[in-house]
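Peer 1: Below is a structure I'd like to ask you about.
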Amino acid sequence: NNSSLGESAQQMLIYGSKIYVAVTFSNRLAVLDMDGKLLKTIEPEEGGNTMNPRCLAADGGKVYMTYFNGHAVAALDTVSLEIENKVAVGRYPEELAVVNGKLYVANSGGNDFPNYGKTVSVVDLSTFKVEKDIEVIINPVSLQADSKGDVYVISMGNYDDVNNTLQRIDATTGEVKTIGNGSLMKIVNDKLYVVYAQYGKDKPSLTRYDALTGAVEVESLANIEMMQSPSAIGIDPISGAICIADGPWNSTATLYLFDKEGKQTSIFDAKGYATMSVCYLAK
């Protein structure tokens with residue numbers, strides 16, 4: 001495309017025949033075809049203020065994106081590539097998950113240190129209005145849903161006496177249960193893969209859970225203790241292969257590949273800084 005994506009490409013989503021990339025600090029959603037050709041860019045503003053697309057989820061022909069500085073969620077029609085709707089949520093929203101006609105949104109409050117957010121907003125997609133807010137541990141950033149509709153949440157805490165914490169929201173009751181510690185996660189085929197890399201503390205670890213029960217299946221699935229700053233995880237839904245990006249400050253990221261049993265198979269330089277998103281593309 002003879003151009004870069006922009007500053008802080010935060011998350012990438014493959015949906016249908018397109019690739020969507022939220023580029024937060026450049027206030028840009030880039031829409032690409034499967035070969036990486038740029039189809040369209042969307043730069044949302046309101047009253048002269050940038051909205052800053054942050055994280056993405058998709059369902060029913062729509063791509064949903066959080067507006068980090070806009071404190072909202074927007075719905076993009078994937079045929080017209082036009083924004084159809086927008087709803088205000090909590091402060092500095094991060095990841096989202098679509099479950100049974102509901103959209104769960106992690107409200108981090110992250111730019112308001114030390115006044116972090118502590119809610120997950122539930123948006124009814126039929127009305128595109130906030131139905132309720134569920135209280136979780138402070139600074140929620142990551143969301144993943146299992147096939148039952150339960151939603152896993154990672155809250156990053158305050159980087160001091162409140163650690164990175166993995167929780168589960170019961171889709172029926174709304175009850176929140178603490179599962180353990182976690183910093184990054186991915187659910188594939190109802191297996192929950194969790195990287196715990198607490199800032200300034202123990203060496204990173206990778207644990208696999210049964211997502212339907214929350215029970216630990218493998219406590220140390222792969223040796224990732226050599227990593228300095230794990231920043232993204234991806235799981236191949238077909239083979240079960242694992243990719244974890246290590247993005248230490250001021251150095252290009254390294255991608256570590258493992259098979260489904262946790263044996264390292266490859267390692268290479270990602271050629272870019274602070275890798276934030278890993279997707280597997282079936283061909």
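The values are calculated or read from the model by the stated rules, or taken from the named source; none is laboratory data. Quick caveat: nothing in here was measured; it's all calculated off a predicted structure. Every residue, glycine as well, gets a Cβ built from its backbone with ideal geometry; the counts of neighbours run over all protein chains shown. For the accessible areas, the whole protein counts, side chains as well, though only heavy atoms, and no ligand, DNA or RNA atoms are used. Shrake-Rupley method; radii C 1.70, N 1.55, O 1.52, S 1.80 Å.
Peer 1: List the chymotrypsin sites (Phe, Trp or Tyr not before Pro) in the stretch 133-232 that DSSP assigns to loop (not H, G, I, E or B) and whose Cβ has at most 12 other Cβ atoms within 10 Å. Which are they?
Peer 2: Details: sites: 152, 159, 193, 196, 199, 209; in loops: 159, 199.
Sites meeting the loop and neighbour criteria: 199.
Peer 1: Mind giving me the nanometre distance, one decimal, between the label points for residue 238 and residue 40, set 7 Å out from Cα along Cα→Cβ?
Peer 2: Going from the residue 238 label point to the residue 40 one covers 2.9 nm.
Peer 1: Say the cut-off is 26 Å between C-alpha atoms; which of 40/86; 62/263; 118/201; 148/260; 102/191 go over it? Write down the numbers at each step before the final one.
Peer 2: Details: 40/86 20 Å; 62/263 37 Å; 118/201 23 Å; 148/260 23 Å; 102/191 22 Å.
Over 26 Å Cα-Cα: 62/263.
Peer 1: Once you place label points 7 Å from the Cα toward the Cβ at residue 79 and residue 128, how far apart are they in nm?
Peer 2: So the two model labels end up 1.6 nm from each other.
Peer 1: Here's something else I'd like to know. Give, as a single signed number, the net charge of other residues whose beta carbon lies under 14 Å from the beta carbon of residue 190, with Lys and Arg counted +1 and Asp and Glu -1. Don't skip to the answer; put the middle values down first.
Peer 2: Values: positive: 148, 168, 186, 191, 208; negative: 146, 150, 210, 217.
Around residue 190, the surrounding residues sum to +1.
Peer 1: Would you mind working out the magnitude of the charge dipole of the chain relative to its Cα centre, with +1 at each Lys and Arg C-beta and -1 at each Asp and Glu C-beta, to the nearest 20 Debye? Walk me through the numbers before you get to the answer.
Peer 2: Working: 24 positive and 34 negative charges, 62 e Å.
The dipole of the chain has a size of about 300 debye.
Peer 1: Further question on the same structure: Which order do peptides 49-56, 252-259 fall in by mean Cβ count within 10 Å, highest first?
Peer 2: Packing proxy ranking, top to bottom: 49-56, 252-259.
Peer 1: Residue by residue through the stretch 59-68, what is 3J(HN,Hα) from phi via Karplus (6.51 cos²θ - 1.76 cosθ + 1.60, θ = phi - 60°)? Round to whole Hz and write x for glycine and proline.
Peer 2: 5, x, x, 10, 10, 9, 9, 7, 9, 4
Peer 1: Within the stretch 201-283, which GluC sites (Glu not before Pro) sit in a loop by DSSP and count at most 14 neighbouring Cβ atoms inside 10 Å? Before the final figure, lay out the partial values.
Peer 2: Details: sites: 217, 219, 225, 261; in loops: 219, 225, 261.
Taking the stretch 201-283 and a limit of 14 other Cβ atoms within 10 Å, the loop GluC sites (Glu not before Pro) found are 219, 225, 261.
Peer 1: Binning at 5 Å from 0, report for the stretch 85-198 what percent of all alpha-carbon pair distances ends up in each bin.
Peer 2: In whole percents, the pair-distance histogram is 2, 13, 24, 25, 20, 11, 4, 1.
Peer 1: Now for a different question. When the chain is fully extended, how far beyond the present Cα-Cα distance does residue 210 get from residue 14, taking 0.36 nm per residue of separation?
Peer 2: 68.1 nm
Peer 1: Please identify, among 186, 271, 18, the residue showing maximal mean-square fluctuation in a Gaussian network model of the chain using a 10 angstrom Cα cutoff.
Peer 2: Looking only at 186, 271, 18, the biggest GNM fluctuation is shown by 271.
Peer 1: So, one more: What does the charge count around residue 141 come to, taking other residues whose C-beta lies under 15 Å from its C-beta (Lys +1, Arg +1, Asp -1, Glu -1)?
Peer 2: Details: positive: 54, 91, 118, 186; negative: 94, 95, 112.
Charge balance in the 15 Å sphere: +1.
Peer 1: Counting other Cβ atoms within 10 Å of each Cβ, which GluC sites (Glu not before Pro) in the stretch 36-92 have at most 16 and sit in a DSSP loop?
Peer 2: Values: sites: 45, 46, 82, 84; in loops: 82.
Sparse-neighbourhood loop GluC sites (Glu not before Pro): 82.
Peer 1: Follow-up question, since we're still on this one. Carbon and sulfur together cover what percent of the accessible area of the stretch 7-77 at a 1.4 Å probe radius?
Peer 2: Working: 1220 of 2780 Å².
Whole-percent figure for carbon plus sulfur exposure: 44.
Peer 1: Expressed in nm to one decimal, what extension gain is obtained for the pair residue 250 and residue 190 from 0.36 nm per residue of sequence separation less their Cα-Cα distance?
Peer 2: Numbers: separation 60, 0.36 × 60 = 21.60 nm, distance 3.53 nm.
That pair, residue 250 and residue 190, stretches by 18.1 nm at full extension.
Peer 1: If you don't mind, another one. Quick check: Cα centre of the stretch 264-282 to Cα centre of the stretch 1-74, how many Å?
Peer 2: So the two Cα centres are separated by 20 Å.
Peer 1: Mind telling me which of 25, 113, 128 comes out most flexible in a GNM of the chain, alpha-carbon contacts under 10 Å?
Peer 2: 113
Peer 1: Share of Cα-Cα pairs in the chain beyond 23 Å, in percent?
Peer 2: Working: 20948 of 39903 pairs.
Beyond 23 Å sits 52 percent of the P(r) for the chain.
Peer 1: Which FRET efficiency value, to the nearest 0.05, do you get for residue 147 and residue 281 by plugging their Cβ-Cβ distance into 1/(1 + (r/R0)^6) with R0 = 22 Å?
Peer 2: Details: r = 22 Å, r/R0 = 1.00.
The calculated FRET efficiency here is 0.50.
Peer 1: How long is the stretch 124-180 along each principal axis, judged by its Cα atoms, biggest number first, in Å?
Peer 2: On the principal axes, the stretch 124-180 reaches 40, 22, 16 Å in Cα extent.
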